[in-house]
Every structure is written in structure tokens, then in C-alpha cells.
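A.B. asks: Take this structure first; my questions come after.
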Amino acid sequence: MSDALKHEILVVDDDPAIRDSLSLVLQSGGYDITTAINGFDALLQLKRRLPAIVLSDLNMPQMSGFEFLSVVRRRFPQISAIAMSGAYDSGEAVPGGVIADAFYAKGHSDPEMLLRIVDGLIRTSAAHAVDHERQSAPVWIPRNGKDSHGIPYIVVTCTDCMRSFPLSVITEDLQKIQETPCLFCPNTVRYIIDFSLAIASPRPEVKAAEIVHGARHAAAKS
Ligand SMILES: [Zn+2]
């Protein structure tokens, strides 16, 4: 790989040891690396600059990789995405419900394979970007939990302004595309609640309470 054209990769994982080891592997392959500690952090960084590739863990607190990668695909269709997880062993196939171009099984810890996947995506990125533009996949939202009144809720991230807000789940309409107006901007968010995901974000209770409170506050003001 020529140094004149260093491609940037954003590594998203809540585990600092994994961020470090993946960064080392990818730097050894000649790539520039930035890191994010979760989906929200990654979206903030994407607002500032766009990498060629995001490499995201699927099982993260606060915003799962499923949701993060859905938002990336909708908002930044030019970015190629690699999902990674230690919880799946699907070889190189992307697990169902994950919106990504490739999959890396963390458990195998096979740096050569990771570099091969990245290199392949970089070489075909123009073709991927065209595919992505044509996709109008809704955002996949994992089930989140129950609010203080025992009502199930989800947290939706707007694909346009990228702010997040909670929604109460009235009916458990399985895997049907639903729409909701964004609380913060004129965008309408299309989403699917994926009740089948066993790997939903382990959202810390205190964080969920803060998010719900923050959004109610914002909604009350508008
Ligand atoms: Zn919005």
C-alpha cells in the first residue's frame, strides 16, 4: 500500500484492549486509525470527518452496533462497514439483520483475515457506495427495556440530525417497518424493532433514565 494514499478506518468498540489491538493490526497494514468507544461517540466523529471504512463491534452499551451501522448506512452511504462480534461464528458471512458489507469474527483473532477484508473493501469501495445509495433500509432498533412505569421503550436515532430519543412501544409489531417524526428536526425516521436480537444493547439504567429525561425536557420545550 502506498503511503501517499492512506485510507482512514474508524474502529468502534467499547473494549479498550480490543480497540488497541485492532488499531495495531490495521496500522501495520498501512491504514490511518481513529477510534470511538461506542456508537454515539462514533456518530459525533463522523459529523467531523468521514473514514473510508467503519469497523464496529455489534455488542456495545448505549447504542448497539446493529443500530449504529444502520444509521451509518442511511446517513453516510459512501462509507463501507465491517461488523465484528465475538458472539457469532458465521464465518465471513454477515449475520442476519446487520447492515454491513463484511463480517469479522473477533474470537478467531486472525489479523491476516481482517486485513484481507479491509483491503477488499477499499478496492471495491466505489461499487459499494453505489449499492448503498440504492438501499433504503430502515434503521434496525434492538428492544431496549422498560421505563419507570413498566412500559417498554426503544431509543431511535434520527438518520438526519443523528440525535436520539426514546419511544414507548405500544404494540409489539414484529419486524414491520414503522415511521416516527424526529423530535428535533423535520426528518421522519423509518425503523424496524428487531425483537429477535438476543444481543440488544445492555444499556445502563442510569443512562437510559438520562436519555428519557433529556428527550422529554427537549420535547416539552418545543
Ligand atoms: Zn432529526
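A.B. asks: As a test of reading the structure, rank His128, His149 by solvent-accessible area (1.4 Å probe, protein chains only), most first.
C.D. replies: Ranked list, largest accessible area first: His149, His128.
A.B. asks: OK, next. Note down the accessible area of Thr180, probe 1.4 Å, to the nearest 10 Å².
C.D. replies: About 10 Å², rounded to the nearest 10.
A.B. asks: Oh, and also: Along the charge dipole of the range 13-71, pointing to its positive end and built from +1/-1 on Cβ of Lys, Arg, Asp and Glu, which listed residue (Ala52, Ser70, Gly39) has its Cα farthest out?
C.D. replies: The listed residue farthest towards the positive side: Ala52.
A.B. asks: Could you work out what % of the accessible surface of the range 43-123 is carbon and sulfur, using a 1.4 angstrom probe and leaving DNA, RNA and ligands out of the count?
C.D. replies: 47 percent
A.B. asks: Got a sec? What order do Lys146, Lys176 fall in by accessible area at 1.4 Å, biggest, i.e. largest, first?
C.D. replies: Descending order: Lys146, Lys176.
A.B. asks: Let me ask something additional. If I ignore ligands, DNA and RNA and count only protein heavy atoms, how much of Asp119 is accessible to a 1.4 Å probe, in Å² to the nearest 10?
C.D. replies: Counting only protein heavy atoms, the figure is 60 Å².
A.B. asks: Rank Arg49, Arg73 by accessible area, highest first, at a 1.4 Å probe radius?
C.D. replies: Arg49, Arg73
A.B. asks: Over the heavy atoms of Leu44, what accessible area does a 1.4 Å probe trace out, to the nearest 10 Å²?
C.D. replies: Surface open to solvent at Leu44 totals about 100 Å².
The values are calculated or read from the model by the stated rules, or taken from the named source; none is laboratory data. Note that the coordinates shown come from a computational prediction; the quantities given were computed from them, not determined experimentally. Because the Cβ atoms are built from the backbone with ideal geometry, glycine has one as well, and the counts that use them run over all protein chains shown. Areas reflect the complete protein model, heavy atoms only, side chains present, ligands, DNA and RNA absent. Shrake-Rupley method; radii C 1.70, N 1.55, O 1.52, S 1.80 Å.
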